[in-house]
Every structure is written in C-alpha cells, then in structure tokens.
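Engineer: The structure's right below; bear with me while I get my questions together.
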Amino acid sequence: MGELRVRKIQEFIKQEVSKMLLNELKDPRIGFVTVTDARITGDLRDATVYVSLFGSDEAKQETLKALKRATGYIRTEVGKRLGIRYSPTIVFKEDTSLDYGMKIDKILRDIEKKD
C-alpha cells in the first residue's frame with residue numbers, strides 16, 4: 001500500500017475520532033480527552049489511536065474503559081466515513097508523552113531555581 005495513502009488515512013482517522021469524541025459520544029465517563037495520533041497498519045486492518053487523558057488516575061482508567069466500550073460504534077462510523085472495504089479494528093492507547101514532557105520541564109525548572 002502506498003505510504004502517502006496510509007498517512008492520509010491515519011490523519012483522517014485522527015480527525016474523525018476527535019470529532020466523534022467531541023460531538024457524538026455522550027458517555028459521562030469520558031473525561032477530557034485529546035486524540036494525539038493515529039497509526040494504521042499497511043494492510044489497513046488495525047488502527048491504534050493514541051489519546052492524551054487528563055484528570056486523576058481513576059478518571060483516566062474510567063475514560064479508557066468508556067472508550068473501549070465505544071470502540072464498536074467508532075469503528076463503524078470510521079468505516080462509513082472512510083469508504084474503504086474493511087473498517088480497521090481500533091484500539092485506544094494512552095499517550096503519556098505530555099505527562100513525560102511536563103515532568104522533564106518541572107525537573108529543569110527545579111534545577112534552574114537551585115542555581
């Protein structure tokens with residue numbers, strides 16, 4: 001499969017899942033979620049959507065559970081909107097890069113204060 005097509009589909013999935021989380025899913029367990037990235041395999045069968053979650057650890061776990069429960073609906077809608085033969089299987093994973101970046105920033109600020 002062409003690399004350009006795969007990248008376009010990844011971006012499309014990222015945008016559409018973001019729209020669905022913002023406007024269509026009404027589950028109260030879904031807290032503040034940001035879709036940070038989407039990766040799809042070359043055969044377009046499996047997609048991993050990376051989400052950044054905010055809140056307490058308990059709230060993050062509840063949000064992940066709610067997203068996993070909504071996977072069927074999201075997969076169906078992405079398939080309809082994408083217009084390809086097979087809808088990719090979607091898996092949500094937490095993106096911890098923002099937390100890691102904030103931790104590094106805090107460490108650097110602490111070092112700066114000590115000097």
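The values are calculated or read from the model by the stated rules, or taken from the named source; none is laboratory data. Here the structure is a predicted model, which means the values were calculated and not measured. Neighbour counts run over all protein chains shown; Cβ positions are idealised from the backbone, glycine included.
Engineer: Quick check, is Leu98 surrounded by fewer than 18 Cβ atoms within 10 Å (Cβ to Cβ) and of a type in the set (A, V, I, L, M, F, W, C)?
Structural biologist: Considered against the rule, which asks whether it is surrounded by fewer than 18 Cβ atoms within 10 Å (Cβ to Cβ) and of a type in the set (A, V, I, L, M, F, W, C), Leu98 comes out as yes.
Engineer: Next question. Being among the small types (Gly, Ala, Ser) and in contact with a helix residue (DSSP H, G or I) (Cβ under 8 Å, 6 or more places away or on another chain) is the filter here; which residues of the stretch 65-81 pass it?
Structural biologist: none
Engineer: Quick check on the stretch 74-101: of everything there that is β-branched (Val, Ile, Thr) and within 17 Å of the chain's Cα centre (by Cα), which residue is farthest from Ser52 (Cα to Cα)?
Structural biologist: So in the stretch 74-101, the residues β-branched (Val, Ile, Thr) come out as 74, 76, 78, 84, 89-91, 96.
Okay, now just the ones that are also within 17 Å of the chain's Cα centre (by Cα), so 74, 76, 78, 89-91, 96.
Numbers: Ile74: 17, Thr76: 23, Val78: 20, Thr89: 20, Ile90: 16, Val91: 14, Thr96: 7 Å.
Per the stated criteria, the residue is Thr76.
Engineer: While we're looking at this one, here's another question. Being surrounded by fewer than 17 Cβ atoms within 10 Å (Cβ to Cβ), of a type in the set (S, T, N, Q) and without any contact (Cβ under 8 Å) to a residue 40 or more places away in the chain is the filter; apply it to the stretch 61-92 and report the residue that is farthest from Val17 (Cα to Cα).
Structural biologist: Checked the stretch 61-92; the qualifying residue farthest from Val17 (Cα to Cα) is Gln61.
Engineer: Being in contact with a helix residue (DSSP H, G or I) (Cβ under 6 Å, 6 or more places away or on another chain) and at pLDDT below 90 is the filter here, so list the residues in the stretch 4-32 that pass it.
Structural biologist: Asp27, Arg29, Ile30, Gly31
Quick grid of which residues meet (1) within 23 Å of Gly79 (Cβ to Cβ); (2) among the hydrophobic types (A, V, I, L, M, F, W, C); (3) surrounded by fewer than 16 Cβ atoms within 10 Å (Cβ to Cβ); (4) touching a Gly at 6+ places or on another chain (Cβ under 8 Å):
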residue	(1), (2), (3), (4)
Ile9	yes, yes, no, no
Gln15	yes, no, yes, no
Leu21	yes, yes, no, no
Glu24	yes, no, yes, no
Pro28	no, no, yes, no
Ile40	yes, yes, no, no
Ala59	no, yes, yes, yes
